[in-house]
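Since the structure comes first, as structure tokens, the remarks are kept for the end.
Derivation of every value follows stated rules applied to the coordinates shown; laboratory data play no part. Keep in mind the model is a prediction, meaning the values are calculated, not measured. In this analysis, Cβ positions are derived from the backbone assuming ideal geometry, glycine residues included, and neighbour counts consider all displayed protein chains.
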Amino acid sequence: MWISNEQFLGDLGMGAMHLEQGGYTMHSKSFAESIFAERDIRWIVGAHVKQVEAGKVEYELLDSTFHEQSFDFAMLIPPFAGQEMKAFDASGEDITSTIFAPSGYMKVDADYTPKPYAEWSADDWPKKLQNPTYSNMFAVGIAFAPPHQISQPRKSPNDTLITPAPPRTGMPSATMARAVAENIVDMINGVSDTPTRTASMAQMGAACIASTGKDFFTGTAAAMTVYPVVPDYAKFPDTGRDQSLTSGEVGLGAQWIKHTLHHLFIYKAKLKPFWSVIPE
Amino acid sequence: MMQDQIPENKRPYEQAYFPAKPNKFVLFMHTFLPWQIIRFAALNLKIVRLLMKGH
């Protein structure tokens, strides 16, 4: 049983994606439901887990009904959450609200103006990941405050927000980190006073490989690529994404990529020769 | 076949009744080595294109 705060299976926290399959442009809901149905996995979506006890999880659905699910073994992934940190300047004045958003993430050069889902834009997303007040502070990955979710936010009549947070770990996180690190180096060395490289999630792609069986000859994985992570309907009016770079497929080849990435990233983490040429 | 002989989730109008499911040929191709070598190369190429566009 799969329980998720996604509005539908395949939302993936990024408002879903479209992929080419058998001559059709297919929605990721169909792709994900097919994988789950094939493996006989059931799903409960639009659910907010309220409480976990031994052998039992309680959750609320978007219609504010409450349900229970029993289990023998459960794995829960907590939602992304900022840390409750306080910030003070040299004179001891509390500058927490200048540095952190109410969610606890660091404010960067995003457009935080509250606006309805229909008015969200790719331009809302930060490009330099730099705090607007303190130019020597940067935040990447799950440390920066996103301007809003990517998926359409939903609330139950009880006012419980049931929506996935934007995914910003893995490849996007590392891409941002590299750009910011290189900008900081330039700023320290006097090459530039301001960041020159950008890493907006609305201008970068991501690849995700989800293993569905690890055997080297009989295993499979679901490989998904998406560009850009944050849909840009101004550039790509149909689906918000470049369909030549947005795809999903299941197969052994994807599992080999999983193996390859596993060894490459460990090699890179150990800083072995030429580690820096291995991409994120 | 009586419906009670079908797994509950796969009965008409139940959750797993609606999604597309792969047929035997598609499942075979998922692990068919010559085809998967091609897919491995194609996926790598696509990821390289992603990297070039996003970095």
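Within 10 Å of the Cβ of each residue in A:175-182, the mean number of Cβ atoms contributed by other protein chains is 1.
For segment A:120-198, a Kirkwood radius taken over Cα pairs fed into Stokes-Einstein (25 °C, viscosity 0.890 mPa s) yields D = 172 µm²/s. When the trypsin sites (Lys or Arg not before Pro) in segment A:54-118 are filtered for DSSP coil states and for at most 13 other beta-carbon atoms within 10 Å of their beta-carbon, the remaining sites are A:K86.
Using the average count of surrounding beta-carbon atoms within 10 Å as a protection proxy, the listed peptides A:95-101, A:111-117 rank, highest first, as A:95-101, A:111-117. Once both axes come from the Cα atoms, what is the angle between helix B:33-54 and the longest principal axis of chain B, in degrees from 0 to 90, rounded to 10? Relative to chain B, helix B:33-54 is tipped by roughly 60 degrees.
In the calculated pair-distance distribution of segment A:164-280, the portion above 17 angstrom amounts to 67 percent of the Cα-Cα pairs. For the peptide A:237-246, the mean number of other protein chain Cβ atoms found within 10 angstrom of a residue's Cβ is 1. Under the membrane-span-like helix rule (DSSP H runs whose alpha carbons stretch at least 20 Å along the helix axis, mean Kyte-Doolittle hydropathy -1.0 or higher), chain A yields A:170-188, A:252-269.
Principal axis analysis of the Cα atoms in segment A:153-203 yields extents of 54, 21, 16 Å, listed in decreasing size. Percentage of Cα-Cα pair distances in segment A:78-221 greater than 28 Å, rounded to whole percent? The share of Cα pairs beyond 28 Å in segment A:78-221 comes to 30 percent. Step through the table entries A:K29/A:K268; A:K127/A:K235; A:K235/B:K21, compare each Cα-Cα distance with 23 Å, and write down the pairs that go over it. Pairs exceeding 23 Å: A:K29/A:K268; A:K235/B:K21. Semi-axes of the equivalent ellipsoid for chain B, computed as √(5λ) from the eigenvalues of its C-alpha gyration tensor and ordered from largest down, come to 38, 17, 6 Å. What the Cα convex hull of segment A:1-112 gives, in volume per residue, is 173 Å³.
The largest-to-smallest principal axis extents of the Cα set in the protein assembly as shown are 78, 51, 41 Å. Inter-chain Cβ neighbour count for B:36-43, averaged per residue, equals 6 (cutoff 10 Å, partner chain atoms only).
Note on A:H27 and A:D215: their simple-model spin labels are 3.5 nm apart, each label 7 Å out from Cα toward Cβ.
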